[in-house]
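Enquirer: The following block contains the structure, expressed as structure tokens.
None of the figures in this text is laboratory data; all of them are computed from the coordinates on show. Predicted model only: the values in this text are computed from it and were never measured. Every residue, glycine as well, gets a Cβ built from its backbone with ideal geometry; the counts of neighbours run over all protein chains shown.
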Amino acid sequence: MDQKLSDENYKTIEAFALSKMSDLKSVSHNDYHVIRVRDNAFKIAKLLGVEERIDKNLLATICMLHDFTYSVRKPNIYTYIFEGRIERRMIRSLLKRFDIPDETKEIIIDAVFRHAHSFPFKKLNKKHGLYTKILQDADTLDFFDVSRVNYFLTNQNKSFFKSLRKAMANALLRYGKNNLGLFLNYPVLAKTFFENPSMKQKDRFHYYEYGINNSETLLFLPGYADSGLMYQKLGRSLSKDYRVLALDFPMIHDPEKIYDLTSLTNFVDDFVKELRLTNFTIVGFSSCGLVAISYTYNRSDKVKELILLNSVPRFILSKVNRKIYQFVKPFILLRPILFIYSRINTNKTFRKIMKLPHTSTFTRERMRTYYYSATGTAVNLIGESIFARFKKIKVPKKIIFFKDDTIIPWERYQRFVEKLDCEVVVFSEGLHADKRIYWEKLKTLWLKTPKIEFQDVSIEKSK
């Protein structure tokens, strides 16, 4: 391994690349795509037994920059055909900013220049360098990533031509999966990549990562129908100082199973063991804040700090109401009831009439697609009360509220929360993670001098 890239150069390039790619809507080219490609590349190097022959920072940098074309050019036929040439010109100019040896720069430029068109055109790089071949195979394998395929198939309009395009895409994907070895520089990966035990474990865990080389770790848990994608801008902002992990819960990937607090706690525990995390901060949002509490109570030796966002250890405050809720819960969990509720709750007209908070298109789509698993899991969580466990937790605890939150309203829970033995921070606006300012205010919890993008931010109340 002759070529190396410093940690400082990699962190700077990673933060820059993710900031440029994060605004892209298409999962085919955005920041999550380059992160998946990077993870694929690391896995390929391990499976091929070439980890000692590569520099991880250099390989990661190549992956971060390989689709940089799409940060400035729209995806069209011209960009697709001449992607490599455009990429080479842009990356050559970009790398002039960094103190990197010319030979290392050429490795990066060559790899990104040659990465495209393996599928379905079989334009491979078998006679080129190791980094070039690994990047192309990592990118090809991501073409069949579950989230990428699902995004494409669920975001087609219902016109005849869109339906025809969807059918053709399905046929192409089936052909690609059945003949994957034809499109790889290392055909053995067609079997070993997906059949390797660690890959099966990774398939179980869908997560997003920023600042991979930082030592201080923050683990973020989303809401019941949200994805780790909700933390993308916050993760990018914190990536220079923290390793940020945002985990998807299984109910938004498995539509046929309803989870409870115990099974979700075990899921987080398995994830922590898989990544060998220690001394980390766990952050739980909304109803899944209960999962963060439950995990911390069970494994306080692993947790440095517990933070709840728009969440409390007990959502139904009245004991009588909790008993009533437990009595009617089996009826609510019936599949037809969950289906009807999901359709009503995601109807724009209904939400407008009832003055319910805004939800993103992706969240509404998951609430409809995973109405049984996601909504059913939420029904289970809402009825839980883990107040006693929360009080017994000895690690530092913090609860973050927003006064204008209409889902977990501060006025309803203020007296309850102020009696808890923990720090309480209350911001004036941000809703239920529905305003841009929400994420700007959260930055102040971790960054001493955060860059404020929208307005001045201050902590209005701290106990």
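Enquirer: Between the helical axis of 7-21 and the dominant principal axis of the chain, each derived from Cα atoms, what acute angle in degrees is found, rounded to the nearest 10?
Expert: 70 degrees
Enquirer: A follow-up question, please. Quick one: what are the phi-derived ³J(HN,Hα) couplings along the range 59-68, Karplus 6.51/-1.76/1.60 with θ = phi - 60°, whole Hz, x for glycine and proline?
Expert: So the J values, rounded to whole Hz, are 4, 5, 4, 4, 5, 4, 9, 5, 10, 4.
Enquirer: Further question on the same structure: Per DSSP H run of n ≥ 4, the term is -39500 (n - 2.57); total these for the chain, divide by its residue number, and report the mean residue ellipticity at 222 nm rounded to 500 deg cm²/dmol.
Expert: Result for the chain: -15000 deg cm²/dmol, rounded to the nearest 500.
Enquirer: Residue by residue, what Karplus-based ³J(HN,Hα) values in Hz, rounded to whole numbers, does the range 266-274 have, using 6.51, -1.76 and 1.60 with θ = phi - 60° and x for Gly and Pro?
Expert: These are the phi-based 3J(HN,Hα) values: 5, 4, 5, 4, 5, 5, 4, 5, 4 Hz.
Enquirer: From zero up to wherever the largest Cα-Cα distance of the range 96-140 sits, split into 5 Å bins and tell me the percent of pairs in each.
Expert: Bin by bin from 0 Å, the calculated values are 5, 23, 30, 18, 12, 8, 4, 0.
Enquirer: Once both axes come from the Cα atoms, what is the angle between helix 130-142 and the longest principal axis of the chain, in degrees from 0 to 90, rounded to 10?
Expert: Long axis of 130-142 versus the principal axis of the chain: about 50 degrees.
Enquirer: For Ser428, Ser342, which order do you get if you count the other beta carbons within 10 Å of each Cβ and list the fewest first?
Expert: Ser428, Ser342
Enquirer: Out of residues 5 or more away from Thr217 or on other chains, whose amide H comes under 5 Å of its own, with H placed 1.01 Å from N in the peptide plane?
Expert: Residues meeting the criterion, in which the H sits 1.01 Å from N, are Arg243, Thr281.
Enquirer: Long-range amide H contacts for Tyr207: which residues qualify at under 5 Å (H placed 1.01 Å from N, peptide plane, sequence gap of 5 or more or a different chain)?
Expert: When sequence neighbours closer than 5 places are left aside, the close amide H contacts are Asp248.
Enquirer: Further question: For a quick check of your reading of the filter: which chymotrypsin sites (Phe, Trp or Tyr not before Pro) in the range 13-90 sit in a DSSP loop and have no more than 16 other Cβ atoms within 10 Å?
Expert: Answer in residue order: Phe82.
Enquirer: Can you put Thr265, Thr192 in order of Cβ neighbours within 10 angstrom, beginning with the fewest?
Expert: Going from sparsest to densest Cβ surroundings: Thr192, Thr265.
Enquirer: Still on this model: Count neighbours as other Cβ atoms within 10 Å of each site's Cβ, and list the GluC sites (Glu not before Pro) in the range 256-335 that are DSSP loop with at most 14 such neighbours. Please report the intermediate quantities before stating the final value.
Expert: Details: sites: Glu256, Glu274, Glu305; in loops: Glu256.
Here the sparse-neighbourhood loop sites are Glu256.
Enquirer: So what J values fall out for the range 205-211 if you push phi through Karplus, 6.51 cos²θ - 1.76 cosθ + 1.60 with θ = phi - 60°, rounded to Hz, Gly and Pro as x?
Expert: Karplus-based 3J(HN,Hα) across the range 205-211 equals 9, 9, 8, 10, 9, 10, x Hz.
Enquirer: Tilt of helix 102-114 relative to the longest C-alpha principal axis of the chain, in degrees (0 to 90, nearest 10)?
Expert: It works out to around 80 degrees.
Enquirer: Take the Cα coordinates of the range 1-136, assign each an equal point scatterer, and use the Debye formula without solvent to give log10 I(q)/I(0) at q = 0.15 Å⁻¹.
Expert: At q = 0.15 Å⁻¹ the computed log10 ratios are -0.68.
Enquirer: So for the pair Met354, Arg89, with labels modelled 7 Å out along Cα→Cβ, what separation do we get in nm?
Expert: In this crude label model, Met354 to Arg89 measures out at 5.3 nm.
Enquirer: What is the sum of charges around Pro396, taking Lys and Arg as +1, Asp and Glu as -1, for the other residues whose C-beta is under 12 Å from the C-beta of Pro396?
Expert: Numbers: positive: Lys304, Lys394, Lys397, Lys398; negative: Glu305, Asp421, Glu423.
Net local charge, Pro396 excluded: +1.
Enquirer: Would you work out which of Pro101, Tyr224, Leu180 lies farthest towards the positive end of the dipole of the chain, given +1 charges on the beta-carbon of Lys and Arg and -1 on that of Asp and Glu, about the Cα centre?
Expert: Of Pro101, Tyr224, Leu180, it is Tyr224.
Enquirer: Go through the range 374-442 and name the trypsin sites (Lys or Arg not before Pro) that are in a DSSP coil and have 15 or fewer other Cβ atoms within 10 Å of their Cβ.
Expert: Those that pass, being in a loop and sparsely packed, are Lys394, Lys419.
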